[in-house]
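The values are calculated or read from the model by the stated rules, or taken from the named source; none is laboratory data. All figures in this text were calculated on a predicted structure; none of them were measured in a lab. Ideal geometry is used to build each Cβ from the backbone, glycine not excepted, and the neighbour counts take in all protein chains shown. Side chains are part of the model used for accessible areas, which takes the heavy atoms of the whole protein and leaves out ligands, DNA and RNA. Shrake-Rupley method; radii C 1.70, N 1.55, O 1.52, S 1.80 Å.
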Amino acid sequence: GELNGESLRLSEDERIYLSGKIDRLDTVQEENKLYVKILDYKSSEHKFDLVGLYHGLSLQLIVYMKYALDDQKRKHPDKEVEPAAMLYYQMADPWIDCKEELPQEEIREKIFAELKTSGIVNASQAVLNSLDRDLEQGNSTVIPVGKKKDGSLSATSKVFTREEFEILSQYATKKIKSLGGEILDGNIRLQPYERDKKSACEYCPFQAVCG
């Protein structure tokens, strides 16, 4: 259905309206809480990138979650609504290379590892249990989380607290307002980003006129 997110006010006379489509949204209710997970399907590998978020290059997941949470709060005013996970899933049919024939279970595990989602997950134990029922020790096969022998989360786990999500969400909103203001101010300077081996020019349809 439609997510009726409010427009963002840039000034007394100016607003910016965002449009998009969330590929998949899951919820789970637990007593007085409702948790929200969003999944964005991609044709190539994607990672949640804080540096990209800081520079306004990777705002999609955060913005989707903000409006999904607002929508669920309207639908469930009696519930405490929290983000559970923001994940990318690469649509792929992976090949597994091996020098010798492997048992089917081992092949299955290798395929799962290739298809595992990336992104960030709520650090709450209740959320982790709902996202991966089989996670007791080692790395999850479905979410970017791992557990040590003592039950604590591994250092490589991509997790966030509710407070940290609020900080990310507020920053993303601030960044969108800033970018919207630049558009309305007529800022069209030639300043494409370049980071590692990636550039804004890679898929830009205006390369012929820009140079």
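General remarks:
- For the chain, the alpha carbon convex hull comes to 180 Å³ per residue, rounded to a whole number.
- Evaluated on segment 8-69, the Kirkwood hydrodynamic radius is 14.0 Å, with distances taken between all distinct Cα atoms.
- For segment 127-211, the share of accessible area belonging to carbon and sulfur comes to 52 percent (1.4 Å probe, ligands and nucleic acids excluded).
- Å² of accessible area per residue within segment 63-107, as computed with a 1.4 Å probe and no ligands counted: 65 Å²
- Rounded to the nearest 500, the helix-only mean residue ellipticity at 222 nm of the chain stands at -9500 deg cm²/dmol, with each DSSP H run of n ≥ 4 adding -39,500 (n - 2.57).
- If you sort Val159, Val51 by accessible surface, 1.4 Å probe, largest first, the order is Val51, Val159.
- Ranking by accessible area, most exposed first, for Arg162, Arg15 with a 1.4 Å probe: Arg15, Arg162
- When segment 61-144 is described by a simple charge dipole with +1 on each Lys and Arg Cβ and -1 on each Asp and Glu Cβ, the residue from Asn139, Asn129, Pro94 located farthest towards its positive end is Asn129.
- Distance (nanometres) between label positions extended 7 Å along Cα→Cβ at Ala208 and Asn32: 6.2 nm
- GluC sites (Glu not before Pro) lying in DSSP loop within segment 115-211, provided at most 10 other Cβ fall within 10 Å: Glu136, Glu202
- Neighbour cut-off at most 10 other Cβ (10 Å), DSSP loop, GluC sites (Glu not before Pro), segment 20-94: Glu31, Glu45
- Cα-based shape type of segment 106-211, given that a ≥ b ≥ c are square roots of the gyration tensor eigenvalues and the cut on a/c is 1.5: oblate
- Of the chymotrypsin sites (Phe, Trp or Tyr not before Pro) in segment 25-114, those whose Cβ has at most 11 other Cβ within 10 Å and which sit in DSSP loop: Trp95
- Protein heavy-atom accessible surface, 1.4 Å probe, per residue over segment 150-211: 81 Å².
- In the context of the full protein assembly, Asp185 retains an accessible surface of approximately 130 Å², using a probe radius of 1.4 Å and ignoring ligands and nucleic acids.
- Taking all protein chains together, Lys42, Lys21, Lys158, Lys99 sort by accessible area into Lys99, Lys21, Lys158, Lys42, largest first [probe 1.4 Å].
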